[in-house]
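**Student:** Before anything else, here's the structure in question.
The values are calculated or read from the model by the stated rules, or taken from the named source; none is laboratory data. These figures come from a predicted structure and were not determined experimentally. Neighbour counts run over all protein chains shown; Cβ positions are idealised from the backbone, glycine included. These area figures cover heavy atoms from the full protein model, side chains too; ligands, DNA and RNA do not enter into them. Shrake-Rupley method; radii C 1.70, N 1.55, O 1.52, S 1.80 Å.
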Amino acid sequence: STSTSKKVDPLMPTMIVFDLDDCLWSPEMYTLNAKPSIPIEGDLNPDYNKGTTPSDDNNAREIGIVGMQVPRGPTVRLFDGARQALRKIALDEKYKGVIIAAASSSEEPTFSHACLNGIEVLPGLTMRDMFKYDQIGRTGSLTSRKTTHFRALHEESGVSYNEMLFFDDCNWGDHCADVTSNFGVISQRTPRGMQLSEFHAGLEKYRKEAASRGDA
């Protein structure tokens, strides 16, 4: 049915694009000496035990794969804010029909893919299940500039640049300004890793832009 591809809310982005390293998860892939291959279990709900009453949804304990560990090395985990944002996208009806994508200039794309394949957002729902498109790396047509990733995402998906919202930590260069000035993509910086407040700020920025051009 068309409902799977149509947005419920016209003021939502058609596509939300996330950087990965230091935006959604940590540590960065280039710092790892091997592929993160060991699934680590834990609480998938970062709000677990923060609920006010026992019946509160936040008190629901969900066990799943919270990270992927490098053998005898560190574990790649989502920032709490990133996990909260992805859970909202997965659970809240208002995000229905919104396409999720990744734009990463990772120097170790196979490591990034291993994390996407392994890390769960909800029990049985991996990041890979949520991300319809991904442009990861800096070889071939992709470079260290995110404009190359966005060109590929646009060509692959057919989604207009001005219907995209991009989140990036921008600590290695202002990727947000680069894609905004070149393509008109609405963007939001996440310099300390994704905070839930930054996720909402990005959505609000997009809503204002969409409303001003009469998308509602």
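**Student:** Determine, for the chain, the count of lysine pairs separated by eight or more sequence positions (or lying on different chains) whose alpha-carbon distance falls under 14 Å.
**Tutor:** 6
**Student:** Now a separate question. Which sequence of T14, T190 reflects their accessible areas, 1.4 Å probe, from the largest down?
**Tutor:** Result, largest first: T14, T190.
**Student:** If I ignore ligands, DNA and RNA and count only protein heavy atoms, how much of Y48 is accessible to a 1.4 Å probe, in Å² to the nearest 10?
**Tutor:** About 60 Å², ignoring ligands and nucleic acids.
**Student:** Now, a different point. In the chain, which helices (entire DSSP H runs) extend 20 Å or more along their own long axis, judged by Cα positions, while averaging at least 1.0 on the Kyte-Doolittle scale?
**Tutor:** Both cut-offs are met by no helix.
**Student:** How long is the gain from N182 to R61 if the chain were fully straight, where each residue apart is worth 0.36 nm and the alpha carbon distance is subtracted?
**Tutor:** This chain segment gains 39.2 nm when fully extended.
**Student:** Oh, and also: Ordering W172, W25 by how much accessible area each has at a 1.4 Å probe, largest first, what is the list?
**Tutor:** The ranking, largest first, comes out as W172, W25.
**Student:** Another question about this same structure. By average Cβ neighbour count within 10 Å, what is the ranking of 139-147, 84-92 from highest down?
**Tutor:** Top of the packing list down: 84-92, 139-147.
**Student:** Rounded to whole Å and sorted largest first, what semi-axes of the equivalent ellipsoid does the C-alpha gyration tensor of the chain yield via the square root of 5 times each eigenvalue?
**Tutor:** Ellipsoid half-lengths, sorted descending, are 26, 23, 15 Å.
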